[in-house]
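Reviewing the structure listed below.
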(Lines give C-alpha, C1' and ligand atoms only; values in the text may rest on other atoms or scores of the structure.)
Protein backbone atom coordinates (compact mmCIF):
# COMPACT_ATOMS: atom_id res chain seq x y z
CA UNK A 1 0.00 0.00 0.00
CA UNK A 2 2.89 2.39 0.62
CA UNK A 3 4.99 1.51 -2.44
CA UNK A 4 5.99 4.67 -4.25
CA UNK A 5 4.03 6.95 -1.91
CA UNK A 6 5.51 10.29 -0.87
CA UNK A 7 5.32 10.75 2.90
CA UNK A 8 6.28 13.86 4.86
CA UNK A 9 7.23 12.72 8.35
CA UNK A 10 7.10 15.53 10.91
CA UNK A 11 9.22 14.97 14.03
CA UNK A 12 8.57 17.19 17.06
CA UNK A 13 10.46 17.84 20.29
CA UNK A 14 9.67 14.79 22.41
CA UNK A 15 11.57 11.97 24.05
CA UNK A 16 9.59 9.72 21.69
CA UNK A 17 11.58 11.18 18.80
CA UNK A 18 14.01 8.30 19.21
CA UNK A 19 11.28 6.07 17.74
CA UNK A 20 11.34 8.14 14.56
CA UNK A 21 14.47 6.34 13.39
CA UNK A 22 12.64 3.00 13.41
CA UNK A 23 9.58 4.62 11.86
CA UNK A 24 11.58 6.02 8.95
CA UNK A 25 13.24 2.66 8.42
CA UNK A 26 9.89 0.85 8.33
CA UNK A 27 8.33 3.35 5.93
CA UNK A 28 11.30 3.11 3.57
CA UNK A 29 11.22 -0.67 3.81
CA UNK A 30 7.53 -0.55 2.85
CA UNK A 31 8.54 1.27 -0.34
CA UNK A 32 7.67 4.85 0.61
CA UNK A 33 9.66 7.98 -0.23
CA UNK A 34 10.14 9.71 3.11
CA UNK A 35 10.92 13.39 3.62
CA UNK A 36 11.65 14.14 7.26
CA UNK A 37 10.82 17.60 8.59
CA UNK A 38 11.97 18.41 12.14
CA UNK A 39 10.94 21.18 14.48
CA UNK A 40 13.86 23.09 16.03
CA UNK A 41 13.40 21.32 19.39
CA UNK A 42 13.35 17.86 17.80
CA UNK A 43 17.10 18.03 17.13
CA UNK A 44 17.66 17.98 20.91
CA UNK A 45 16.31 14.42 20.99
CA UNK A 46 17.56 12.88 17.72
CA UNK A 47 20.04 14.14 15.16
CA UNK A 48 19.07 15.14 11.63
CA UNK A 49 22.02 13.05 10.41
CA UNK A 50 20.41 9.87 11.75
CA UNK A 51 17.11 10.53 10.00
CA UNK A 52 18.66 11.74 6.76
CA UNK A 53 20.80 8.60 6.60
CA UNK A 54 17.76 6.36 7.05
CA UNK A 55 15.48 8.33 4.72
CA UNK A 56 18.21 8.91 2.11
CA UNK A 57 17.07 12.54 1.90
CA UNK A 58 18.37 15.69 3.61
CA UNK A 59 16.25 16.55 6.64
CA UNK A 60 14.35 19.83 6.45
CA UNK A 61 14.33 21.84 9.68
CA UNK A 62 14.34 25.51 8.72
CA UNK A 63 12.85 27.86 6.17
CA UNK A 64 16.30 28.63 4.81
CA UNK A 65 19.23 26.42 3.85
CA UNK A 66 22.14 27.70 5.97
CA UNK A 67 24.84 26.92 3.39
CA UNK A 68 23.22 28.62 0.35
CA UNK A 69 20.59 30.92 1.79
CA UNK A 70 17.97 29.28 -0.45
CA UNK A 71 14.59 28.66 1.09
CA UNK A 72 12.82 25.35 1.57
CA UNK A 73 9.58 25.84 -0.30
CA UNK A 74 6.93 24.66 2.16
CA UNK A 75 4.22 24.82 -0.50
CA UNK A 76 6.12 22.49 -2.83
CA UNK A 77 6.80 20.03 -0.01
CA UNK A 78 3.14 20.07 1.04
CA UNK A 79 1.96 19.44 -2.51
CA UNK A 80 4.58 16.71 -3.06
CA UNK A 81 3.20 14.62 -0.21
CA UNK A 82 0.68 11.83 -0.69
CA UNK A 83 0.44 11.61 3.09
CA UNK A 84 1.69 13.67 6.01
CA UNK A 85 2.50 11.95 9.28
CA UNK A 86 3.48 13.83 12.43
CA UNK A 87 5.06 11.40 14.87
CA UNK A 88 5.79 12.25 17.57
CA UNK A 89 3.30 15.10 17.69
CA UNK A 90 3.95 17.20 20.78
CA UNK A 91 1.32 19.19 22.68
CA UNK A 92 2.99 22.36 21.41
CA UNK A 93 2.74 21.36 17.76
CA UNK A 94 -0.84 20.11 18.16
CA UNK A 95 -1.80 23.52 19.54
CA UNK A 96 -0.14 25.27 16.60
CA UNK A 97 -1.85 23.03 14.09
CA UNK A 98 -5.24 23.55 15.73
CA UNK A 99 -4.94 27.33 15.72
CA UNK A 100 -3.08 27.82 12.45
CA UNK A 101 0.04 29.18 14.11
CA UNK A 102 2.82 29.02 11.53
CA UNK A 103 6.19 29.79 13.13
CA UNK A 104 8.28 26.86 11.87
CA UNK A 105 8.73 24.90 8.67
CA UNK A 106 6.71 21.90 9.82
CA UNK A 107 3.56 23.89 10.60
CA UNK A 108 3.98 25.85 7.35
CA UNK A 109 4.06 22.58 5.41
CA UNK A 110 1.04 21.33 7.36
CA UNK A 111 -0.96 24.41 6.36
CA UNK A 112 0.08 23.91 2.71
CA UNK A 113 -0.64 20.17 2.52
CA UNK A 114 -3.56 18.95 0.43
CA UNK A 115 -3.10 15.31 1.43
CA UNK A 116 -4.43 13.25 4.36
CA UNK A 117 -2.67 14.18 7.62
CA UNK A 118 -2.05 11.66 10.41
CA UNK A 119 -0.78 12.60 13.85
CA UNK A 120 0.56 10.38 16.63
CA UNK A 121 0.65 12.34 19.90
CA UNK A 122 3.40 11.85 22.48
CA UNK A 123 3.36 13.62 25.84
CA UNK A 124 2.98 13.11 29.54
CA UNK A 125 -0.28 11.87 31.05
CA UNK A 126 -1.39 15.22 32.52
CA UNK A 127 -0.62 17.02 29.27
CA UNK A 128 -2.56 14.46 27.24
CA UNK A 129 -5.56 14.65 29.59
CA UNK A 130 -5.56 18.45 29.81
CA UNK A 131 -8.72 20.07 28.51
CA UNK A 132 -6.79 22.25 26.05
CA UNK A 133 -5.09 19.22 24.47
CA UNK A 134 -8.41 17.37 24.28
CA UNK A 135 -9.93 20.38 22.57
CA UNK A 136 -7.02 20.70 20.14
CA UNK A 137 -7.20 17.02 19.19
CA UNK A 138 -10.95 17.27 18.60
CA UNK A 139 -10.44 20.38 16.50
CA UNK A 140 -7.78 18.67 14.38
CA UNK A 141 -10.08 15.71 13.83
CA UNK A 142 -12.86 18.09 12.80
CA UNK A 143 -10.47 19.38 10.10
CA UNK A 144 -10.20 15.81 8.77
CA UNK A 145 -6.86 15.01 10.35
CA UNK A 146 -6.54 11.44 11.56
CA UNK A 147 -5.53 10.58 15.13
CA UNK A 148 -3.27 7.61 15.81
CA UNK A 149 -4.22 6.98 19.40
CA UNK A 150 -1.37 7.05 21.95
CA UNK A 151 -0.73 3.98 24.04
CA UNK A 152 -0.60 3.52 27.78
CA UNK A 153 2.49 2.66 29.79
CA UNK A 154 5.43 4.10 31.64
CA UNK A 155 6.12 7.72 30.73
CA UNK A 156 9.31 9.78 30.82
CA UNK A 157 8.09 11.57 33.95
CA UNK A 158 7.82 8.29 35.81
CA UNK A 159 4.04 8.34 35.69
CA UNK A 160 2.10 5.47 34.19
CA UNK A 161 -0.80 6.06 31.83
CA UNK A 162 -1.82 7.35 28.40
CA UNK A 163 0.47 9.53 26.34
CA UNK A 164 3.06 7.14 24.90
CA UNK A 165 3.42 7.48 21.16
CA UNK A 166 2.18 4.41 19.33
CA UNK A 167 4.98 2.02 18.40
CA UNK A 168 6.43 2.47 14.89
CA UNK A 169 5.09 -0.91 13.74
CA UNK A 170 1.62 0.06 14.97
CA UNK A 171 1.80 3.38 13.13
CA UNK A 172 2.77 1.76 9.83
CA UNK A 173 0.00 -0.85 10.21
CA UNK A 174 -2.47 1.93 11.01
CA UNK A 175 -1.47 3.83 7.86
CA UNK A 176 -1.75 0.77 5.64
CA UNK A 177 -5.10 -0.32 7.06
CA UNK A 178 -6.54 3.19 6.84
CA UNK A 179 -5.37 3.62 3.26
CA UNK A 180 -6.87 0.26 2.29
CA UNK A 181 -10.35 1.38 3.39
CA UNK A 182 -10.74 3.34 0.18
CA UNK A 183 -9.80 0.41 -2.05
CA UNK A 184 -12.47 -1.76 -3.73
CA UNK A 185 -11.13 -5.11 -2.46
CA UNK A 186 -10.41 -3.97 1.10
CA UNK A 187 -10.88 -6.81 3.56
CA UNK A 188 -11.35 -9.46 0.88
CA UNK A 189 -9.25 -12.62 1.04
CA UNK A 190 -7.82 -13.56 -2.35
CA UNK A 191 -6.03 -16.73 -3.44
CA UNK A 192 -3.73 -16.75 -6.48
CA UNK A 193 -1.66 -19.61 -7.88
CA UNK A 194 1.34 -19.10 -10.14
CA UNK A 195 4.23 -20.86 -11.84
CA UNK A 196 4.76 -24.49 -12.81
CA UNK A 197 4.81 -27.63 -10.73
CA UNK A 198 7.71 -30.05 -10.78
CA UNK A 199 6.87 -33.75 -10.54
CA UNK A 200 9.87 -35.72 -9.27
CA UNK A 201 11.23 -38.66 -11.26
CA UNK A 202 14.19 -39.20 -8.96
CA UNK A 203 16.14 -36.90 -6.59
CA UNK A 204 17.58 -34.86 -9.49
CA UNK A 205 15.07 -35.06 -12.35
CA UNK A 206 11.49 -33.94 -12.74
CA UNK A 207 8.61 -33.46 -15.17
CA UNK A 208 7.84 -29.76 -15.54
CA UNK A 209 6.88 -27.00 -17.95
CA UNK A 210 8.10 -23.60 -19.11
CA UNK A 211 5.88 -21.42 -16.92
CA UNK A 212 7.85 -18.59 -15.29
CA UNK A 213 5.07 -17.46 -12.95
CA UNK A 214 5.20 -13.88 -14.27
CA UNK A 215 1.49 -13.68 -15.03
CA UNK A 216 0.38 -15.00 -11.65
CA UNK A 217 2.78 -12.81 -9.70
CA UNK A 218 1.64 -9.74 -11.61
CA UNK A 219 -2.01 -10.55 -10.95
CA UNK A 220 -1.28 -11.04 -7.23
CA UNK A 221 0.44 -7.64 -7.11
CA UNK A 222 -2.44 -5.93 -8.88
CA UNK A 223 -5.03 -7.46 -6.54
CA UNK A 224 -2.95 -6.35 -3.55
CA UNK A 225 -2.91 -2.80 -4.97
CA UNK A 226 -6.71 -2.95 -4.95
CA UNK A 227 -6.64 -3.61 -1.21
CA UNK A 228 -7.05 -7.39 -1.14
CA UNK A 229 -5.33 -9.64 1.38
CA UNK A 230 -3.54 -11.85 -1.14
CA UNK A 231 -2.15 -15.33 -0.59
CA UNK A 232 0.04 -16.42 -3.50
CA UNK A 233 0.78 -20.11 -3.89
CA UNK A 234 3.70 -20.50 -6.25
CA UNK A 235 5.44 -23.42 -7.82
CA UNK A 236 9.20 -23.16 -8.45
CA UNK A 237 9.76 -19.62 -9.73
CA UNK A 238 12.40 -16.91 -9.61
CA UNK A 239 9.71 -14.21 -9.58
CA UNK A 240 9.21 -11.94 -6.57
CA UNK A 241 6.19 -9.91 -5.47
CA UNK A 242 6.48 -6.16 -5.77
CA UNK A 243 3.74 -5.70 -3.17
CA UNK A 244 5.15 -6.54 0.24
CA UNK A 245 1.72 -7.39 1.62
CA UNK A 246 1.41 -10.47 -0.61
CA UNK A 247 1.75 -13.63 1.48
CA UNK A 248 3.72 -16.22 -0.51
CA UNK A 249 3.53 -19.99 -0.06
CA UNK A 250 6.12 -21.97 -2.02
CA UNK A 251 5.30 -25.46 -3.25
CA UNK A 252 6.91 -27.86 -5.70
CA UNK A 253 4.50 -30.56 -6.83
CA UNK A 254 0.88 -30.62 -7.92
CA UNK A 255 -0.02 -32.50 -4.74
CA UNK A 256 1.61 -29.80 -2.60
CA UNK A 257 -0.21 -27.08 -4.53
CA UNK A 258 -3.51 -28.93 -4.05
CA UNK A 259 -2.95 -29.14 -0.29
CA UNK A 260 -2.10 -25.44 -0.06
CA UNK A 261 -5.14 -24.50 -2.14
CA UNK A 262 -7.48 -26.62 -0.03
CA UNK A 263 -6.07 -25.03 3.12
CA UNK A 264 -6.74 -21.49 1.85
CA UNK A 265 -9.75 -21.83 -0.46
CA UNK A 266 -12.62 -21.79 2.02
CA UNK A 267 -11.95 -18.26 3.31
CA UNK A 268 -11.08 -16.79 -0.09
CA UNK A 269 -13.58 -14.49 -1.77
CA UNK A 270 -11.68 -14.51 -5.07
CA UNK A 271 -9.49 -17.31 -6.43
CA UNK A 272 -7.34 -16.84 -9.54
CA UNK A 273 -5.77 -20.11 -10.62
CA UNK A 274 -3.05 -19.11 -13.08
CA UNK A 275 -0.51 -21.84 -12.22
CA UNK A 276 0.47 -24.31 -14.94
CA UNK A 277 -0.11 -27.47 -12.91
CA UNK A 278 1.21 -30.77 -14.25
CA UNK A 279 -1.50 -33.12 -15.52
CA UNK A 280 0.62 -36.23 -14.87
CA UNK A 281 3.10 -37.34 -12.24
CA UNK A 282 5.29 -40.46 -12.03
CA UNK A 283 3.71 -43.48 -10.36
CA UNK A 284 7.02 -44.37 -8.71
CA UNK A 285 9.66 -41.84 -7.67
CA UNK A 286 13.11 -43.42 -7.53
CA UNK A 287 14.89 -42.90 -4.22
CA UNK A 288 18.29 -42.79 -5.97
CA UNK A 289 19.37 -41.11 -9.20
CA UNK A 290 18.44 -43.29 -12.18
CA UNK A 291 21.64 -44.24 -14.01
CA UNK A 292 21.92 -44.03 -17.75
CA UNK A 293 21.40 -47.40 -19.40
CA UNK A 294 21.39 -48.82 -22.91
CA UNK A 295 18.02 -48.39 -24.52
CA UNK A 296 15.18 -46.07 -23.58
CA UNK A 297 13.60 -45.14 -20.29
CA UNK A 298 9.90 -45.67 -19.72
CA UNK A 299 8.27 -43.68 -16.94
CA UNK A 300 4.79 -44.78 -15.91
CA UNK A 301 2.64 -41.82 -14.93
CA UNK A 302 -0.73 -41.23 -13.34
CA UNK A 303 -3.09 -38.29 -13.46
CA UNK A 304 -2.69 -35.57 -10.86
CA UNK A 305 -5.77 -34.32 -9.04
CA UNK A 306 -7.43 -31.56 -11.05
CA UNK A 307 -7.09 -28.64 -8.63
CA UNK A 308 -9.35 -26.29 -10.58
CA UNK A 309 -12.14 -28.84 -10.89
CA UNK A 310 -11.79 -29.75 -7.22
CA UNK A 311 -12.18 -26.13 -6.15
CA UNK A 312 -15.04 -25.64 -8.62
CA UNK A 313 -16.88 -28.50 -6.93
CA UNK A 314 -16.32 -26.90 -3.51
CA UNK A 315 -17.21 -23.34 -4.56
CA UNK A 316 -19.85 -21.64 -2.43
CA UNK A 317 -22.21 -18.82 -3.42
CA UNK A 318 -20.31 -15.56 -3.31
CA UNK A 319 -16.96 -17.08 -4.21
CA UNK A 320 -15.40 -16.12 -7.55
CA UNK A 321 -13.24 -18.71 -9.32
CA UNK A 322 -11.05 -17.75 -12.27
CA UNK A 323 -9.19 -20.28 -14.39
CA UNK A 324 -6.68 -20.09 -17.24
CA UNK A 325 -6.54 -22.00 -20.50
CA UNK A 326 -3.35 -22.11 -22.55
CA UNK A 327 -4.29 -23.75 -25.83
CA UNK A 328 -2.67 -24.66 -29.15
CA UNK A 329 -5.75 -25.69 -31.14
CA UNK A 330 -9.55 -25.34 -30.96
CA UNK A 331 -8.81 -22.60 -28.45
CA UNK A 332 -12.24 -21.14 -27.75
CA UNK A 333 -14.00 -24.51 -27.87
CA UNK A 334 -11.57 -25.96 -25.33
CA UNK A 335 -11.84 -22.89 -23.11
CA UNK A 336 -15.66 -22.98 -23.16
CA UNK A 337 -15.56 -26.65 -22.16
CA UNK A 338 -13.16 -25.98 -19.30
CA UNK A 339 -15.27 -23.07 -18.05
CA UNK A 340 -18.39 -25.23 -17.80
CA UNK A 341 -16.88 -28.52 -16.63
CA UNK A 342 -14.94 -26.87 -13.80
CA UNK A 343 -17.69 -24.50 -12.62
CA UNK A 344 -15.70 -21.32 -13.27
CA UNK A 345 -16.93 -17.74 -13.26
CA UNK A 346 -14.25 -16.57 -15.67
CA UNK A 347 -11.64 -18.21 -17.83
CA UNK A 348 -8.64 -16.41 -19.31
CA UNK A 349 -7.70 -17.89 -22.67
CA UNK A 350 -4.35 -17.45 -24.35
CA UNK A 351 -2.99 -19.30 -27.33
CA UNK A 352 0.56 -20.33 -28.15
CA UNK A 353 -0.37 -19.58 -31.77
CA UNK A 354 -0.39 -15.86 -30.93
CA UNK A 355 3.02 -14.25 -31.19
CA UNK A 356 4.12 -12.81 -27.84
CA UNK A 357 1.66 -14.88 -25.77
CA UNK A 358 2.28 -17.77 -23.41
CA UNK A 359 5.12 -18.64 -21.05
CA UNK A 360 8.25 -16.73 -20.02
CA UNK A 361 7.76 -13.51 -21.99
CA UNK A 362 6.78 -10.09 -20.70
CA UNK A 363 3.69 -9.87 -22.91
CA UNK A 364 0.47 -11.80 -23.31
CA UNK A 365 -2.62 -11.78 -25.52
CA UNK A 366 -5.81 -12.91 -23.82
CA UNK A 367 -9.51 -13.42 -24.26
CA UNK A 368 -11.69 -13.39 -21.13
CA UNK A 369 -14.81 -15.56 -21.24
CA UNK A 370 -17.49 -15.35 -18.53
CA UNK A 371 -19.99 -17.92 -17.28
CA UNK A 372 -22.62 -16.63 -19.73
CA UNK A 373 -20.14 -17.27 -22.54
CA UNK A 374 -19.65 -13.60 -23.19
CA UNK A 375 -16.12 -12.89 -24.33
CA UNK A 376 -13.79 -9.91 -24.36
CA UNK A 377 -10.81 -10.00 -26.70
CA UNK A 378 -7.71 -7.97 -25.84
CA UNK A 379 -4.73 -6.99 -27.95
CA UNK A 380 -1.17 -8.05 -27.17
CA UNK A 381 -0.07 -6.17 -24.03
CA UNK A 382 2.57 -6.07 -21.35
CA UNK A 383 1.69 -8.52 -18.57
CA UNK A 384 1.24 -5.63 -16.11
CA UNK A 385 -1.51 -4.28 -18.37
CA UNK A 386 -2.96 -7.77 -18.86
CA UNK A 387 -3.18 -8.17 -15.07
CA UNK A 388 -5.05 -4.86 -14.83
CA UNK A 389 -7.50 -6.02 -17.52
CA UNK A 390 -8.15 -9.28 -15.65
CA UNK A 391 -8.59 -7.49 -12.32
CA UNK A 392 -10.92 -4.91 -13.88
CA UNK A 393 -13.12 -7.77 -15.07
CA UNK A 394 -13.03 -9.35 -11.62
CA UNK A 395 -14.15 -6.08 -10.05
CA UNK A 396 -17.32 -6.11 -12.16
CA UNK A 397 -18.32 -9.41 -10.55
CA UNK A 398 -17.58 -8.83 -6.83
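The values are calculated or read from the model by the stated rules, or taken from the named source; none is laboratory data. Quick caveat: nothing in here was measured; it's all calculated off a predicted structure. Reconstructed Cβ throughout: ideal geometry from the backbone, glycine too, with neighbour counts over all protein chains shown.
Summary of values
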{"item": "Subset of the range 323-342 [surrounded by fewer than 13 Cβ atoms within 10 Å (Cβ to Cβ) and not in a helix (DSSP H, G or I)]", "result": "328, 329, 330"}
{"item": "Strands (runs of 3 or more DSSP E) wholly inside the range 202-282 containing at least 1 residues that are farther than 30 Å from residue 298 by Cα and free of Cβ contacts under 8 Å to residues at least 40 places away in the same chain", "result": "247-250"}
{"item": "Filter result for residue 13 (surrounded by 15 or more Cβ atoms within 10 Å (Cβ to Cβ) and either over 28 Å from the mean Cα position of the chain (by Cα) or within 30 Å of residue 222 (Cβ to Cβ) (or both))", "result": "yes"}
{"item": "Any hit, the range 89-111, residues being within 20 Å of residue 30 (Cα to Cα), in contact with a strand residue (DSSP E or B) (Cβ under 7 Å, 6 or more places away or on another chain), outside the structural domain of residue 265 (by TED's automatic domain parsing) and in contact (Cβ under 8 Å) with a residue 40 or more places away in the chain", "result": "no"}
{"item": "Residue that is modelled with pLDDT under 90, assigned by TED's automatic domain parsing to the domain that holds residue 219 and touching a helix residue (DSSP H, G or I) at 6+ places or on another chain (Cβ under 9 Å), where the choices are 370, 362, 345", "result": "362"}
{"item": "First in the range 128-148 and in the same structural domain as residue 86 (by TED's automatic domain parsing) and without any contact (Cβ under 8 Å) to a residue 60 or more places away in the chain, second anywhere and buried (at least 19 other Cβ atoms within 10 Å of the Cβ) and assigned to a loop (DSSP other than H, G, I, E, B), Cβ under 7 Å, 6 or more apart", "result": "128/150"}
{"item": "Hits in the range 150-180 - residues which are in a loop (DSSP other than H, G, I, E, B) and in contact (Cβ under 8 Å) with a residue 24 or more places away in the chain", "result": "150, 155, 156, 157, 159, 165, 166, 167"}
{"item": "Only listed residue being modelled with pLDDT under 95 and within 18 Å of residue 23 (Cβ to Cβ), chosen from 151, 158", "result": "151"}
{"item": "Matching option when the condition is in contact with a helix residue (DSSP H, G or I) (Cβ under 9 Å, 6 or more places away or on another chain) and surrounded by fewer than 23 Cβ atoms within 10 Å (Cβ to Cβ), among 30, 42, 89", "result": "30"}
{"item": "Selection count where residues are at pLDDT below 90 and surrounded by fewer than 15 Cβ atoms within 10 Å (Cβ to Cβ), scope the range 161-175", "result": "0"}
{"item": "Residue within the range 301-317 that is assigned to a loop (DSSP other than H, G, I, E, B), in contact with a strand residue (DSSP E or B) (Cβ under 6 Å, 6 or more places away or on another chain) and surrounded by 12 or more Cβ atoms within 10 Å (Cβ to Cβ) present", "result": "yes"}
{"item": "Residues located in the range 332-354, provided they are farther than 20 Å from residue 192 by Cα, in contact with a strand residue (DSSP E or B) (Cβ under 6 Å, 6 or more places away or on another chain) and touching a residue at least 24 places away in the same chain (Cβ under 8 Å)", "result": "351"}
{"item": "Test: residue in the range 374-390 that is surrounded by 15 or more Cβ atoms within 10 Å (Cβ to Cβ), under 30 Å from residue 202 (Cβ atoms), under 28 Å from the mean Cα position of the chain (by Cα) and in the same structural domain as residue 270 (by TED's automatic domain parsing)", "result": "no"}
{"item": "Filter pass, residue 84 being within 17 Å of residue 146 (Cβ to Cβ) and either assigned to a helix (DSSP H, G or I) or not assigned by TED's automatic domain parsing to the domain that holds residue 15 (or both)", "result": "no"}
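This table checks each residue for (1) at pLDDT below 95; (2) surrounded by 14 or more Cβ atoms within 10 Å (Cβ to Cβ); (3) under 18 Å from residue 145 (Cα atoms).
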{"site": "66", "(1), (2), (3)": "yes, no, no"}
{"site": "74", "(1), (2), (3)": "yes, yes, no"}
{"site": "99", "(1), (2), (3)": "no, no, yes"}
{"site": "104", "(1), (2), (3)": "yes, yes, no"}
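This table checks each residue for (1) in contact with a strand residue (DSSP E or B) (Cβ under 7 Å, 6 or more places away or on another chain); (2) surrounded by fewer than 22 Cβ atoms within 10 Å (Cβ to Cβ); (3) at pLDDT below 95.
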{"position": "268", "(1), (2), (3)": "yes, no, no"}
{"position": "271", "(1), (2), (3)": "yes, no, no"}
{"position": "280", "(1), (2), (3)": "yes, yes, no"}
{"position": "290", "(1), (2), (3)": "no, yes, yes"}
{"position": "298", "(1), (2), (3)": "no, yes, yes"}
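Results for (1) over 19 Å from residue 324 (Cα atoms); (2) at pLDDT 95 or above, shown as yes or no for each residue.
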{"site": "212", "(1), (2)": "no, no"}
{"site": "220", "(1), (2)": "no, yes"}
{"site": "227", "(1), (2)": "yes, no"}
{"site": "245", "(1), (2)": "yes, no"}
